[in-house]
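Colleague: Quick one: this structure, given as structure tokens, is what I'll be asking you about.
Taken together, the values in this text are just the output of simple stated rules run on the coordinates, not laboratory data. In this text the structure is predicted, and so the values were computed from the model without any measurement. Cβ atoms come from the backbone with ideal geometry, glycine included; neighbour counts cover every protein chain shown.
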Amino acid sequence: MLMKSKVVAILETRTSAHLGELIARRGGIPMLAPALAEIPDVEPQTVVSLLDAWQTNPYRMVIFQTGVGTRALFQTTDSLGSTQQLLHLLAQAIVVVRGPKPTGELNTRQVRIDVRAPSPFTTETVLDAIGGIALDHAPVLVQRYGATNPLLRHSLEARGAIVREIATYRWALPADVQPLKDLLAALADARVDAVVFTSAVQVQNLFTVAAAEGCSDSLAGLLNGLVIASIGPVCSRELAAHGIKPSFEASPPKLGPLVAGLESALSTD
């Protein structure tokens, strides 16, 4: 039991129960404080217009960034009865995936994948993976994640691509932010030993709630006194932007290495 009853705050939402169980098995005490809600944001008429325009002006490349967004797009075409049309159009495009989650969703739909960004599945690895593909004047469709990705869009446009983004969901604070308020109180009372961040938006939302509670100025200092686990480089950059130094970064950016790193950090803490 290397985590020695250490209290570990988890800001993850979808896999929080699984992550909490992994931590509890190792002797830790999980504190669940979901910091992110994924709100479906697919406008059916937008998808209809997208498919109609796609027929006459085919996309050379389609980039899928997230599993939840990919699934939401197909659920919308299912409801519209136009999934076969989408599959036909995708078969004529270069299909690019950012990581294993959109890969899984596309495999379920038997979509051919042409380019897979390597670990750690960042925007930079996507851009590197497609670096040899000519994009001058090429229409490119990007499945947007919960916010715009300016680096991806601007980099594609700098290569001459004509970029269109399709929104499939958006990020928001959870409807119930009381667990986050409880976490802030526990941090102030030194009742937390580690905090696990699995997305950059969790960092932003935690600071948003802290600002509403009037304690954002002290938050970075409190966190820097703890073991701070980061799922990957995008998350680490957001932590650094808020003045927080991660204790470690999972490599590859998956739950297994994340928990192993947490176990190691807490066993020597």
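Colleague: Kindly establish whether residue 63 is out of contact with any Pro (no Cβ under 8 Å at 6 or more places or on another chain) and surrounded by fewer than 21 Cβ atoms within 10 Å (Cβ to Cβ).
Modeller: no
Colleague: Residues 90, 51: which one is out of contact with any strand residue (DSSP E or B) (no Cβ under 8 Å at 6 or more places or on another chain), in contact (Cβ under 8 Å) with a residue 12 or more places away in the chain and in a helix (DSSP H, G or I)?
Modeller: On the way: 90 fails: out of contact with any strand residue (DSSP E or B) (no Cβ under 8 Å at 6 or more places or on another chain).
Unique residue meeting the criteria: 51.
Colleague: Confirm whether residue 20 is among the small types (Gly, Ala, Ser) and either farther than 22 Å from residue 231 by Cα or free of Cβ contacts under 8 Å to residues at least 12 places away in the same chain (or both).
Modeller: No: the conditions fail for residue 20.
Colleague: Counting only residues that are in contact (Cβ under 8 Å) with a residue 24 or more places away in the chain and over 22 Å from residue 57 (Cβ atoms), which one in region 141-154 is surrounded by the most Cβ atoms within 10 Å (Cβ to Cβ)? Spell out the reasoning first.
Modeller: Going through region 141-154, the residues in contact (Cβ under 8 Å) with a residue 24 or more places away in the chain turn out to be 141-147, 149, 151-152.
Narrowing the set further to residues that are over 22 Å from residue 57 (Cβ atoms) leaves 145-147, 149, 151.
Details: 145: 24, 146: 21, 147: 12, 149: 18, 151: 13.
So, considering only residues that are in contact (Cβ under 8 Å) with a residue 24 or more places away in the chain and over 22 Å from residue 57 (Cβ atoms), the one surrounded by the most Cβ atoms within 10 Å (Cβ to Cβ) is 145.
Colleague: Looking only at region 178-193, filter to residues that are exposed (fewer than 14 other Cβ atoms within 10 Å of the Cβ) and closer than 14 Å to residue 212 by Cβ; which one of those is farthest from the chain's Cα centre (by Cα)?
Modeller: The selected residue is 185.
Colleague: Condition (residue is part of a loop (DSSP other than H, G, I, E, B), farther than 22 Å from residue 16 by Cβ and hydrophobic (A, V, I, L, M, F, W, C)) applied to region 60-72: is it met by at least one residue?
Modeller: No: zero hits.
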